[in-house]
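First up is the structure itself, then whatever we jot down about it.
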Amino acid sequence: GLGRAPASLARLRRALRRAVGESAARSRSRLLLAFGAGVDESSLRALLPHLALADYAFERYKSPEKKVRHDGATSAVVVPPEGTDVEALSEAAREAEVVASAVSWARDLGNTPANDLGPAELAREAVRAGRRDGLAVEVLDKRQIAAEKMGGLLGVNAGSVRPPAFVICDYRPRNARGTAVLVGKGITFDSGGISIK
């Protein structure tokens, strides 16, 4: 139950997670999700990425017979509330699928322990993703990092036996409306209980 109306987006997300989790535990093939008038179109659009991620599971180290996901994972048929712009909702569903795929990939990297995913492996994953998604990816090795005078990176890496990697991803879509630069760091070892990739 959603409790007293109107239901907040957080309450809707919790209910969706629970419904999908319990249903998927019984049947891993297809779900039918019917939304009534209590869920407006904007809330439904906001729920789509969460729906696409609802059955995420990190199962890299499970034996095949213990894995609960099947090829293609769970699929859902969504019945929107009456009066919903179905074409706009379909576009939002396609976007949610792309977002969910990227989030699942990032979660898999974050969940992989440091002994299996160090700087070189993280860089390889970035190169693979670049090939798949149309990004130009350049990876600088320790010598190139030193030549660029990246002392901070080399200082942090001094405590590791694994050499660092500096990854540059470049995406240049046609008809770009501007430039955005994202800078981040990937820590592939346990630094006080957290491994950020």
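The values are calculated or read from the model by the stated rules, or taken from the named source; none is laboratory data. Keep in mind that what you see is a predicted model, and the values were worked out from it rather than measured. The protein model used for the area step is the full one, side chains on, heavy atoms only, and it has no ligands, DNA or RNA in it. Shrake-Rupley method; radii C 1.70, N 1.55, O 1.52, S 1.80 Å.
Ignoring ligands, DNA and RNA, what accessible area per residue does the chain give at 1.4 Å, in Å²?
Counting only protein heavy atoms, the per-residue value for the chain is 70 Å².
Mean residue ellipticity at 222 nm from the helices of the chain, using -39,500 (n - 2.57) per DSSP H segment of n ≥ 4 over the full residue count, to the nearest 500 deg cm²/dmol?
After summing the helix terms and dividing by residue count, I get -14000 deg cm²/dmol.
Probe 1.4 Å, all protein chains in place: accessible area of residue 56 in Å², nearest 10?
In the full protein context, residue 56 sits at about 50 Å².
Would you pull out the residues with amide H under 5 Å of residue 31's amide H, same chain only if 5 or more places away, H placed 1.01 Å from N?
75, 76, 77
Within the chain, count lysine pairs with alpha carbon atoms under 25 angstrom apart where the residues are 8 or more positions apart or belong to different chains.
Value for the chain: 7.
Suppose accessible area is computed on protein heavy atoms with a 1.4 Å probe; arrange 142, 185 from highest to lowest.
185, 142
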